[in-house]
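Participant: Pasting a structure below so you can have a look.
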Amino acid sequence: MENIQKYDVAIVGGGVVGAAAAWKLSAAGAKVVLLEKGDICSGASAANPGFCVLSYRENALAMRLALLQQASWEKLEKELGDLEYSPCGGMMPLSSEEQEAALSGLCRHAHGLGLKDIGIVTAKEAIALEPALSPKAIIGACWCPGEGRVNPFKLNLAMIRRAKDLGARVLTHTPVTGVELSGGRIGALYTPKGEFRADLIVCAAGAWAREFTRMAGAEVPIRYERGEAMVSMQVAPRITRMITDGALFVKSAAAPMVVGACMAQSASGNIVLAQATTRPGNYDKTNTYEGPRAVAKRVVELFPSLGDLEIIRMWAGLVSYVDDGRPVFGPMDSPENLFIANSFHSAIALSPGIGEMLADFYRTGRVAEEAKPYSPMRFVKVVC
């Protein structure tokens with residue numbers, strides 16, 4: 001057992017948000033420790049296709065961060081190294097008038113948030129942009145040329161390396177098993193590797209955030225859902241865009257499984273295919289029998305030429321959300337030194353900006369005005 005150690009900031013969670021927080025807080029001069037219960041990039045950050053989404057950002061804060069990052073990938077790669085960022089553009093194929101109506105509304109919403117370069121294109125225009133699409137399967141598409149894709153593993157690990165270069169301590173396989181509460185603050189985090197004390201505790205635990213906040217004496221209703229995906233063997237270029245199925249925007253939230261074709265081809269030639277989403281219990285990350293089959297069926301409907309793909313791996317990941325569909329970002333009143341940074345949708349392309357907002361809070365003690373609506377105090381219930 002290690003001796004008790006004191007830090008300025010302790011971060012719980014080693015996904016992209018935790019990694020960005022460790023990087024940006026260390027750059028701000030904080031003495032940082034990051035505690036990850038498994039391996040770095042082993043949760044939701046490892047289970048997604050690395051989409052750098054602009055089109056379906058729900059709020060002004062997320063859109064601002066996404067647009068800022070869109071303009072900063074070259075600068076980021078100069079600092080962090082090759083992240084396999086591809087400015088490929090994002091397409092949402094539309095198979096029905098219902099989908100077209102939903103995506104037309106999404107475009108209007110995006111325009112209102114400052115994303116001007118997005119709109120509905122005809123089926124002919126969509127096939128010119130993505131020739132492998134079946135003309136029989138679509139009536140058009142939503143097209144956003146500013147979107148792209150990044151390798152989520154490379155981004156996550158590169159931010160961790162940069163944090164370490166700046167002095168952060170990163171401990172993997174170090175779950176927080178208990179919390180000491182004293183005087184309305186978290187006095188210590190207990191782990192199998194020792195006791196850690198910090199002036200500021202950042203919860204970036206993703207699907208496990210609710211479990212952690214309960215240890216800290218508060219109920220924050222962060223839930224999780226399971227997304228299933230798979231990857232093909234390396235093949236010659238088949239698709240060029242980031243594909244998000246328009247069907248996902250009209251499915252009922254009450255459906256037991258939500259299925260759509262979300263796809264992109266990596267720099268190495270592998271094609272990542274997702275997603276089948278369910279809401280399991282007990283943090284179950286096993287694949288279902290039905291999910292991958294349903295995704296494959298939908299993929300072949302849209303892209304018949306992909307019917308011969310050989311799948312080499314399947315997986316599932318747990319993604320956090322709250323019922324109001326908004327992120328959770330801000331300090332709690334009790335414990336007063338706990339800050340929650342969680343449930344940002346498609347956080348891959350927002351993570352550097354989220355880390356910078358945390359660094360600003362560390363420097364000033366204030367949360368940006370645009371982030372205040374997402375405070376955990378909007379629904380927190382004290383239980384002890």
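Participant: Which of the residues that make up the stretch 272-303 are assigned to a helix (DSSP H, G or I), in contact (Cβ under 8 Å) with a residue 24 or more places away in the chain and over 14 Å from residue 314 (Cα atoms)?
Facilitator: 298, 299, 301, 302
Participant: Which of the strands (runs of 3 or more DSSP E) found entirely inside the stretch 168-239 contain at least 2 residues meeting this: more than 26 Å from the chain's Cα centre (by Cα)?
Facilitator: Correct list: 178-182, 185-191, 194-203.
Participant: Which count do you get for residues in the stretch 308-323 that are surrounded by fewer than 20 Cβ atoms within 10 Å (Cβ to Cβ) and part of a loop (DSSP other than H, G, I, E, B)?
Facilitator: Count: 2.
Residue-by-condition table, conditions (1) at pLDDT 95 or above; (2) on the phi > 0 side of the Ramachandran plot; (3) touching a Gly at 6+ places or on another chain (Cβ under 6 Å); (4) not in a helix (DSSP H, G or I):
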| position | (1), (2), (3), (4) |
| --- | --- |
| 2 | no, no, yes, yes |
| 7 | yes, no, no, yes |
| 11 | yes, no, yes, yes |
| 18 | yes, no, no, no |
| 24 | yes, no, yes, no |
| 30 | yes, no, no, yes |
| 41 | no, yes, no, yes |
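Participant: Also, quick follow-up: Name the pairs whose Cβ atoms lie under 8 Å apart, with the first residue in the stretch 169-188 and free of Cβ contacts under 8 Å to residues at least 60 places away in the same chain, the second buried (at least 16 other Cβ atoms within 10 Å of the Cβ) and basic (Lys, Arg), and 6 or more positions between them or separate chains?
Facilitator: Once the first residue is free of Cβ contacts under 8 Å to residues at least 60 places away in the same chain and sits in the stretch 169-188, its partners that are buried (at least 16 other Cβ atoms within 10 Å of the Cβ) and basic (Lys, Arg) give 187/197.
Participant: Here's something else I'd like to know. Out of the residues in the stretch 345-376 meeting the condition of being over 16 Å from the mean Cα position of the chain (by Cα), among the aliphatic types (A, V, I, L, M) and under 19 Å from residue 23 (Cα atoms), tell me which one is surrounded by the fewest Cβ atoms within 10 Å (Cβ to Cβ).
Facilitator: 367
Participant: What is the residue count in the stretch 120-175 for residues that are in contact with a strand residue (DSSP E or B) (Cβ under 9 Å, 6 or more places away or on another chain), open to solvent by 20 Å² or more (accessible area, probe 1.4 Å) and on the phi > 0 side of the Ramachandran plot?
Facilitator: 1
Participant: Now a separate question. Residue by residue through the stretch 89-114, note down the ones that are open to solvent by 10 Å² or more (accessible area, probe 1.4 Å), under 24 Å from the mean Cα position of the chain (by Cα) and hydrophobic (A, V, I, L, M, F, W, C).
Facilitator: Within the stretch 89-114, 102, 106, 113 qualify.
Participant: Can you tell which of 344, 303 is out of contact with any Gly (no Cβ under 6 Å at 6 or more places or on another chain), within 30 Å of residue 188 (Cβ to Cβ) and not basic (Lys, Arg)?
Facilitator: Only one candidate qualifies: 344.
Participant: If you don't mind, there's one more thing I want to ask. Determine whether residue 285 is surrounded by fewer than 20 Cβ atoms within 10 Å (Cβ to Cβ) and modelled with pLDDT of 95 or more.
Facilitator: When the stated conditions are applied, residue 285 does not pass them.
Participant: Can you pull out every residue in the stretch 29-63 that is touching a helix residue (DSSP H, G or I) at 6+ places or on another chain (Cβ under 7 Å), farther than 26 Å from residue 283 by Cα and open to solvent by 20 Å² or more (accessible area, probe 1.4 Å)?
Facilitator: 56, 60
Participant: Same structure, new question: Looking at the stretch 10-29, I want the residues that are among the basic types (Lys, Arg) and have a partner that is open to solvent by 10 Å² or more (accessible area, probe 1.4 Å) with Cβ atoms under 6 Å, at least 6 apart or on another chain. Which pairs are those?
Facilitator: Once the first residue is among the basic types (Lys, Arg) and sits in the stretch 10-29, its partners that are open to solvent by 10 Å² or more (accessible area, probe 1.4 Å) give 24/356.
Participant: Moving on. Identify, by number, the condition in (1) of a type in the set (S, T, N, Q); (2) more than 17 Å from the chain's Cα centre (by Cα); (3) open to solvent by less than 60 Å² (accessible area, probe 1.4 Å) that residue 342 doesn't meet.
Facilitator: (2)
Participant: Given the conditions (1) in a helix (DSSP H, G or I); (2) of a type outside the set (A, V, I, L, M); (3) in contact (Cβ under 8 Å) with a residue 40 or more places away in the chain, report the number of the one that residue 108 does not fulfil.
Facilitator: Among (1) in a helix (DSSP H, G or I); (2) of a type outside the set (A, V, I, L, M); (3) in contact (Cβ under 8 Å) with a residue 40 or more places away in the chain, residue 108 violates only (3).
Participant: Out of 279, 298, I need the residue that is among the basic types (Lys, Arg) and under 23 Å from the mean Cα position of the chain (by Cα). Which one?
Facilitator: 279
The values are calculated or read from the model by the stated rules, or taken from the named source; none is laboratory data. Keep in mind that this is a model prediction, so the values were computed, not measured. No Cβ is skipped: glycine too gets one built from the backbone with ideal geometry, and neighbour counts run over all protein chains shown. We work out accessible area using only protein heavy atoms, side chains counted, and drop any ligands, DNA or RNA first. Shrake-Rupley method; radii C 1.70, N 1.55, O 1.52, S 1.80 Å.
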